[in-house]
1. Please state which of the following conditions Leu138 fails to meet, knowing it meets all the rest: (1) in contact with an Asp or Glu (Cβ under 7 Å, 6 or more places away or on another chain); (2) assigned to a loop (DSSP other than H, G, I, E, B).
2. Which of (1) assigned to a helix (DSSP H, G or I); (2) under 24 Å from Asp151 (Cα atoms); (3) aliphatic (A, V, I, L, M) is the odd one out, the single condition Leu81 does not satisfy?
3. Return the total of residues in region 100-143 being without any contact (Cβ under 8 Å) to a residue 60 or more places away in the chain, surrounded by fewer than 18 Cβ atoms within 10 Å (Cβ to Cβ) and within 18 Å of Lys29 (Cα to Cα).
4. Return the residues of region 19-28 that are within 16 Å of Ala189 (Cβ to Cβ) and assigned to a helix (DSSP H, G or I); say none if nothing qualifies.
5. For the list (1) assigned to a helix (DSSP H, G or I); (2) touching a Pro at 6+ places or on another chain (Cβ under 9 Å); (3) among the hydrophobic types (A, V, I, L, M, F, W, C); (4) surrounded by fewer than 17 Cβ atoms within 10 Å (Cβ to Cβ), I need the number of the one condition that Ala6 fails.
6. Quick test for you: out of Ala41, Ala52, Ala66, Ala75, pick the one residue that is at positive phi and aliphatic (A, V, I, L, M).
7. Looking at Leu161, is it among the aliphatic types (A, V, I, L, M) and in a loop (DSSP other than H, G, I, E, B)?
8. Please go through region 104-119 and pick out each residue that is in contact with a Leu (Cβ under 8 Å, 6 or more places away or on another chain) and farther than 20 Å from Lys71 by Cβ.
Amino acid sequence: MLNRSASALKRRDKVLRRIINQVGPCTIKPRRRYFVSLCDAIVSQQLSTKAANTISKRFRKLFHRATPTPKGVLATSIGQLRGVGLSGQKSKYVHDLATKFSDGTIPTKKLAALSDEEVIEILTQVKGIGVWTVHMFLIFVLNRPDVWPIDDLGVRKAVQLQFNLNELPHANKLHELAEPWRPHRTVAAWYLWRSLDNAPLDE
């Protein structure tokens, strides 16, 4: 799928063709541990990568085999969660996530079969999880092919740089630009993120 998407994008957009040729193959891989991935997403919110990794490791060590589960999180007090570096608010968010996994609000076994819109509707019921977080879940956990995270600052910066725009693009511009990329916008977003790693790219 990834190779087909990249090939299609190269045919449709010369800017993406240049980026894809320089970056190389897309390496997105599915992840099966939904609960762990969403815990990590909450823990890492508004933190630098280094700080997020440090706190995430401490958080995981609270649980058997360093793997948080809904049952394990609910058995862990807010004080214990704060003790490994989570804020009081994030501790409550993680508890709410665990509750919604435990009570079936989040249908774990059916999640992969739901539409993107249904996944967004379900997961944003969790306190602390917004549309951006669900977009990241759809891309990096479920590997949905046509997610276009217009609220992501990295995507907006990459579009501004690679398409020579005077300012960060807003939603309408991003939708207009990416319309020809359907149904491969996930891969387009990934390459735009990677273009920042390699910027500036020569024409």
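Read-outs: derived from the displayed coordinates by stated rules, not from any lab. Being a predicted model, the structure only gives us computed values, none of them experimental. No Cβ is skipped: glycine too gets one built from the backbone with ideal geometry, and neighbour counts run over all protein chains shown.
1. Condition (2) is where Leu138 drops out.
2. It fails just one condition, (2).
3. 3
4. Across region 19-28, the qualifying residues are Ile19, Ile20, Val23.
5. (4)
6. None of the others qualify; the one that does is Ala66.
7. no
8. The answer is Ala112, Asp116, Val119.
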